[in-house]
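Undergrad: I am attaching a structure below and will ask some questions about it afterwards.
The values are calculated or read from the model by the stated rules, or taken from the named source; none is laboratory data. What you see is a predicted model; the values in this text were computed from it and never measured. Because the Cβ atoms are built from the backbone with ideal geometry, glycine has one as well, and the counts that use them run over all protein chains shown. Surface accessibility is based on the protein's heavy atoms, side chains included, excluding ligands, DNA and RNA. Shrake-Rupley method; radii C 1.70, N 1.55, O 1.52, S 1.80 Å.
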Amino acid sequence: MPIDVVVRDFRPSDRPACARILTEAGRRAFHWAEWPRFDGAGFDGVTKEEEILVAETRGRIAGFAAIYRPENFLHHLYVDPDLTGSGVGIALLREAMHRFGPALSLKCQVRNQAARAFYRKCGWLEDKE
């Protein structure tokens, strides 16, 4: 069920919530692989030099997207697992497209069927690479 979502720029105070979401959502998305627990420093390491957008709903951090601007590359888009299907991911992707334009690209693991379905639903096309 869609909920009200506000997407804004990342603030340092968002770091713990974003690290938690990266840990929990990543473990679900990549259930076949060993996935680390991210703390603040770990989150900073995997988003270094990236522009981060944060989604908020009901007064809490609901997800984030991180874009490596020199290549217009969407490196991360993670949503709190409790809010999957609520519109948070769509709101983050829409804002990323608004800010970074149609040249935005991403890579998605072939085994990550849920993410691939999400991007297809949002109008993205898969290439052969």
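Undergrad: Looking only at the stretch 109-129, how many residues end up being in contact (Cβ under 8 Å) with a residue 60 or more places away in the chain and not in a helix (DSSP H, G or I)? Full working, then the answer.
TA: Just the residues of the stretch 109-129 that are in contact (Cβ under 8 Å) with a residue 60 or more places away in the chain, to begin with: 109, 111-112, 114-115.
Pick out the ones that are also not in a helix (DSSP H, G or I) and you get 109, 111-112.
Qualifying residue count for the region: 3.
Undergrad: Also: Only one of ARG28, ARG15 is touching a helix residue (DSSP H, G or I) at 6+ places or on another chain (Cβ under 8 Å), crowded, with 17+ Cβ neighbours inside 10 Å and in a helix (DSSP H, G or I); which? If you could, list the steps in order and put the result at the bottom.
TA: Working: ARG28 fails: crowded, with 17+ Cβ neighbours inside 10 Å.
Being touching a helix residue (DSSP H, G or I) at 6+ places or on another chain (Cβ under 8 Å), crowded, with 17+ Cβ neighbours inside 10 Å and in a helix (DSSP H, G or I) holds for just one of ARG28, ARG15, which is ARG15.
Undergrad: Can you list residue pairs whose Cβ atoms sit under 9 Å apart, with the first residue in the stretch 30-48 being closer than 10 Å to ALA19 by Cβ and of a type in the set (Lys, Arg) and the second being at pLDDT 80 or above and open to solvent by 70 Å² or more (accessible area, probe 1.4 Å)? Count only pairs 6 or more apart in sequence or on different chains.
TA: ARG37/ARG27
Undergrad: Looking only at strands (runs of 3 or more DSSP E) that lie completely in the stretch 31-108, which have at least 1 residues being open to solvent by 50 Å² or more (accessible area, probe 1.4 Å) and modelled with pLDDT under 95?
TA: Counting at least 1 such residues, we get 60-68, 73-79.
Undergrad: Then there is this: Please specify each residue of the stretch 109-129 satisfying the condition of being open to solvent by 50 Å² or more (accessible area, probe 1.4 Å), within 25 Å of THR23 (Cα to Cα) and among the aliphatic types (A, V, I, L, M).
TA: The answer is VAL110, ALA114.
Undergrad: Among all residue pairs at least 6 apart or on different chains, which show Cβ distances below 7 Å where the first residue, located in the stretch 9-22, is within 15 Å of HIS76 (Cα to Cα) and the second is charged (D, E, K, R) and open to solvent by 80 Å² or more (accessible area, probe 1.4 Å)?
TA: ALA19/ASP39
Undergrad: Starting from the stretch 60-84, take each residue that is closer than 16 Å to PHE38 by Cα and list its partners that are open to solvent by 80 Å² or more (accessible area, probe 1.4 Å) and in a helix (DSSP H, G or I), counting only C-beta distances under 6 angstrom and pairs at least six apart or across chains.
TA: Here the result reads PRO81/ARG28, each pair linking the stretch 60-84 to a residue that is open to solvent by 80 Å² or more (accessible area, probe 1.4 Å) and in a helix (DSSP H, G or I).
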